[in-house]
Amino acid sequence: MRCPICHELDNRVIDSRLTKDNEVIRRRRECNKCERRFTTYERVEEVLPLLVKKDDRREVFDRMKIVTGLKKACEKRPVSAAAIEHAADRVERIVQESGEKELPSSVVGEAVMAELHKLDQVAYVRFASVYRSFQDVGEFMRELQDLVEAGKRSRRGRRSSD
């Protein structure tokens with residue numbers, strides 16, 4: 001592993017531990033040249049399916065595209081970077097667990113929308129407006145109405161269980 005400060009390859013592991021979800025190993029390292037410390041994360045490389053786009057193009061699944069989309073939707077919203085990372089992890093897990101060699105990109109889009117619906121409703125509407133590419137204001141208003149109705153049902157369910 002190359003030191004991010006001096007770019008030396010010679011370093012040693014000081015500490016290793018699993019993250020909370022037991023999916024990633026966090027390693028604390030020290031460079032033998034500049035003696036600075038840095039952290040690396042190690043995870044199993046999974047073979048992910050190809051995504052089949054609407055125009056039948058095939059594209060390799062790219063987790064960073066998911067993170068970027070989530071960040072754009074959540075921009076200027078009270079959503080932490082950690083929450084975005086966890087949402088991206090859950091989307092990636094859905095893709096991995098499909099077990100398919102090819103997967104329609106719509107599966108990923110719907111999974112992202114489901115995660116945003118749980119995270120932040122404004123971010124959800126932002127993403128939906130681009131992802132669903134509404135043709136007119138009526139379609140957009142119907143989506144908002146569905147969101148409001150789902151919120152009301154959720155609040156009623158919580159009140160009855162209190």
Which is the longest stretch in the chain that no exposed loop site breaks, taking sites as GluC sites (Glu not before Pro) with a DSSP loop state and at most 14 other Cβ atoms within 10 Å?
101-162
Max mean-square fluctuation residue, GNM over the chain, Cα-Cα springs under 10 Å, options Val47, Val108, Val95
Val47
Treat the count of other C-beta atoms within 10 Å as a stand-in for reagent exposure and order Arg126, Arg63 from fewest to most.
Arg63, Arg126
Quick check on the chain: helices-only [θ] at 222 nm, where DSSP H runs of length 4 and up contribute -39,500 (n - 2.57) each and the sum goes over total residues. Nearest 500, please.
-16000 deg cm²/dmol
Amide proton proximity set for Leu50, modelled H, under 5 Å, gap of 5+
Glu102, Leu103
Hey, what's the Cα Rg ratio for the chain versus the globular rule of thumb, 2.2 N^0.38 Å?
1.34
Test of understanding: express the Cα radius of gyration of segment 1-89 as a ratio to 2.2 N^0.38 Å, with N the residue count.
1.44
With a/c under 1.5 counting as rounded, go ahead and sort segment 50-139 into rounded, prolate or oblate using the C-alpha gyration tensor (a ≥ b ≥ c being the square roots of the eigenvalues; past the cut-off, prolate if a/b is larger than b/c, else oblate).
oblate
Treat every Asp and Glu Cβ in the chain as -1 and every Lys and Arg Cβ as +1, leave all other atoms uncharged, and give the resulting dipole magnitude about the Cα centre to the nearest 20 debye.
660 debye
Once the piece of chain linking Ser80 and Asp55 is laid out straight, how much longer is it, given 0.36 nm per residue of separation minus the C-alpha distance between them?
5.6 nm
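Values quoted throughout were computed directly from the atomic coordinates according to the rules given, and no laboratory measurement underlies them. Quick caveat: nothing in here was measured; it's all calculated off a predicted structure. FYI the Cβ positions are ideal-geometry reconstructions off the backbone, even for glycines, and counts take in every protein chain you see.
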